[in-house]
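**Q** For reference, the structure I am asking about is given below.
The values are calculated or read from the model by the stated rules, or taken from the named source; none is laboratory data. In this text the structure is predicted, and so the values were computed from the model without any measurement. Here the Cβ positions follow ideal geometry from the backbone for every residue, glycine too, while neighbour counts run over all protein chains shown.
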Amino acid sequence: MKSTVEQLSPTRVRINVEVPFEELKPDFDRAYKALAKQVRIPGFRPGKAPAKLLEARLGRGAVLEQVVNDVLPSRYSEAVTTSEVKVIGQPDIEITKIEDGQELAFTAEVDVRPEIDLPSYEDIEVTVDAFSIGDEDIEEQLTSLRQRFGTLTGVERAVENGDFVSIDLAAAVDGEEVADAATSGLSHEVGSGQLIEGLDEAIIGLSAGESTDFTSTLVAGEHAGKEAVITVTVQSVKQRELPEADDEFAQLASEFDTLDELKEDLKGRVERVKKVQQAGEIRDKVLETLLEKTEVPLPEKVVQAEIDAVVHDAVHGFDHDEDKLAEALEAQGSSREEFDKDTKEAAEKSVKTQLLLDAIAEAENTQVGQEELTERILFQAQRYGLSPEQFIQQVQQAGQLGAVFADVRRGKALAGVVGKVKVTDSAGNAVDTAEMFGAPADSADETATEAAEGTE
């Protein structure tokens, strides 16, 4: 077999493949065996009919078709391996010549990873927000902990922010009630903003048994995106009473004996959270700087595939009704044109990021160990509320295990770059990135793993 590669663009090649018929003898033998099992010829057991009789019965064309269908995938893969092109996406294959007994020739056009000139990491400088830990941060954590141990008590007064209420809801669009939007006895924390937009403002000041109407936009159901008149009725009002912040509470809520010890522990938690946030900002700014400094040619078909996937998911949420999607976008103050523009920009950035980080990983010979892959699987399984076994099964069924591996490798490659750049905070202090992105993550440093997430 002979193959050559034509560079059509920085991101696309044409592979020309020529296969002499003498190399196809094993393929013809397999084709005859397969066809012999499918065709009954008098005087011969299934699978035993000779090749000449099969050709006489089916015609030479049927045999050639069987051979070509079997040959193309394997010969294409062989040509890719021989030429060492780094393909991405599916090829467009065209048969250019079939000379029976002489030669089979075909071409395969496919997107490839472009050559990328990487910048010098040591020349990159980023500045991130400085952080400090004040008494208010510790008090916020302490209040949150006290709320977990609080009790709800009914009150005979109007609703205030922070109360817990039981409410009934009904909705009408153009004067007609929306059946699937009605509910009763719904529990809600006022001020949480977790239900319908405008609800919290509407019920503050109401007492048990009182109702009011307000206007909002429905976000689900057949009327999604439409403006509706919402009727809310308050059934009961409760306030949360918090336990006193003292040594007794510290003993109840933690392993500490005193409130001061508990506050010191909360201070450490706040510091870890802020370091994770700062690590995320460092990662994002380093990546943005790399993207700005690096020219990355984009494979059009790969970008289009990302766009198509996003659009498909968006339309699927509206039963594949393009008009409903447009209505929902308009209700959000957007339009289909803006949606398409944003989707394209996001897809281009996503593909560019992946190609860039893959190039860095290859240049730095970034390796991913089994333990690192397992950590990502455990993290993702927890994120989606699945057991590790369920998550792995779903990933394998979707053929995405390679994608998980690639995400881990990209995150690790980016973390390696972060360790080489100069990072200062807004107060002018140098930031020790080794503490956040250092190689061996242990129990004393939980930041590295969390900081490397989010590059997919």
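**Q** Can you name every residue in the stretch 157-183 that is more than 36 Å from the chain's Cα centre (by Cα) and among the small types (G, A, S)?
**A** Matches in the stretch 157-183: A158, S166, A172, G175.
**Q** Are there any pairs with C-beta distances below 6 angstrom linking a residue in the stretch 306-332 that is within 15 Å of K226 (Cβ to Cβ) to a residue that is of a type in the set (S, T, N, Q) and modelled with pLDDT under 90, with the two at least 6 apart or on different chains, and if so which?
**A** Pairs found: A331/T217.
**Q** I would also like to ask the following. With respect to A202, is the statement that it is closer than 30 Å to A182 by Cβ, touching a helix residue (DSSP H, G or I) at 6+ places or on another chain (Cβ under 9 Å) and free of Cβ contacts under 8 Å to residues at least 60 places away in the same chain true?
**A** Considered against the rule, which asks whether it is closer than 30 Å to A182 by Cβ, touching a helix residue (DSSP H, G or I) at 6+ places or on another chain (Cβ under 9 Å) and free of Cβ contacts under 8 Å to residues at least 60 places away in the same chain, A202 comes out as no.
**Q** Within the stretch 212-234, is even one residue surrounded by 15 or more Cβ atoms within 10 Å (Cβ to Cβ), among the small types (G, A, S) and over 36 Å from the mean Cα position of the chain (by Cα)?
**A** no
**Q** If you take the residues of the stretch 404-434 that are without any contact (Cβ under 8 Å) to a residue 40 or more places away in the chain and surrounded by fewer than 17 Cβ atoms within 10 Å (Cβ to Cβ), which of them is nearest to R376 (Cα to Cα)?
**A** F405
**Q** Within the stretch 268-288, identify whether any single residue is at pLDDT 95 or above, under 27 Å from R12 (Cα atoms), within 22 Å of the chain's Cα centre (by Cα) and in the same structural domain as E345 (by TED's automatic domain parsing), and answer yes or no.
**A** yes
**Q** Quick one: count up the residues across the stretch 134-153 that are surrounded by fewer than 16 Cβ atoms within 10 Å (Cβ to Cβ) and assigned to a helix (DSSP H, G or I).
**A** Result for the stretch 134-153: 8.
**Q** Pull up the stretch 209-238, narrow it to residues that are among the charged types (D, E, K, R) and at pLDDT 90 or above, then point me to the one that is nearest to D319 (Cα to Cα).
**A** Keep residues of the stretch 209-238 that are among the charged types (D, E, K, R), which gives 210, 213, 222, 226-227, 238.
Then keep just the ones that are at pLDDT 90 or above; that gives 210, 213, 238.
Working: E210: 38, D213: 30, K238: 40 Å.
Among those that are among the charged types (D, E, K, R) and at pLDDT 90 or above, it is D213.
**Q** Related question: Can you work out which of the residues in the stretch 154-167 that are surrounded by 11 or more Cβ atoms within 10 Å (Cβ to Cβ) and either of a type in the set (G, A, S) or outside the structural domain of S211 (by TED's automatic domain parsing) (or both) is nearest to D200 (Cα to Cα)?
**A** Step by step, filter the stretch 154-167, then rank; the result is G162.
**Q** Scan the stretch 240-251 and tell me whether some residue there is crowded, with 17+ Cβ neighbours inside 10 Å and among the basic types (K, R).
**A** Looking through the stretch 240-251, none of the residues is crowded, with 17+ Cβ neighbours inside 10 Å and among the basic types (K, R).
**Q** Let me ask something else. Note down all Cβ pairs under 6 Å where the first residue falls in the stretch 289-302 and is not assigned by TED's automatic domain parsing to the domain that holds T11, the second is hydroxyl-bearing (S, T, Y), and they're at least six residues apart or on different chains.
**A** P297/T11; P299/T11
**Q** May I pose another question? Taking the stretch 168-191 as the region of interest, how many residues are touching a helix residue (DSSP H, G or I) at 6+ places or on another chain (Cβ under 7 Å) and either exposed (fewer than 12 other Cβ atoms within 10 Å of the Cβ) or in a loop (DSSP other than H, G, I, E, B) (or both)?
**A** So the answer is 2.
**Q** Still on this model: I'd like the residue in the stretch 332-343 that is out of contact with any helix residue (DSSP H, G or I) (no Cβ under 6 Å at 6 or more places or on another chain) and not hydroxyl-bearing (S, T, Y) and, out of all such residues, is nearest to L287 (Cα to Cα).
**A** D342
**Q** A follow-up question, please. Name the pairs: first residue in the stretch 341-363 and within 16 Å of K86 (Cβ to Cβ), second residue of a type in the set (D, E, K, R), Cβ to Cβ under 7 Å, at least 6 apart or on different chains?
**A** Hits for this filter: V351/E306; Q354/R410; L355/R113; L357/R410; D358/R113; D358/R410; A361/R409; A361/R410.
**Q** Does the stretch 1-24 hold any residues that are among the charged types (D, E, K, R) and either under 14 Å from A108 (Cα atoms) or outside the structural domain of A79 (by TED's automatic domain parsing) (or both), and which are they?
**A** Residues of the stretch 1-24 among the charged types (D, E, K, R): 2, 6, 12, 14, 18, 22-23.
Scanning the stretch 1-24 gives K2, E6, R12, R14, E18.
To keep it simple, each residue is scored yes or no on (1) aliphatic (A, V, I, L, M); (2) buried (at least 19 other Cβ atoms within 10 Å of the Cβ); (3) on the phi < 0 side of the Ramachandran plot.
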| site | (1), (2), (3) |
| --- | --- |
| K341 | no, no, yes |
| S350 | no, no, yes |
| L355 | yes, yes, yes |
| A363 | yes, no, yes |
| R376 | no, yes, yes |
| F379 | no, no, yes |
| R383 | no, no, yes |
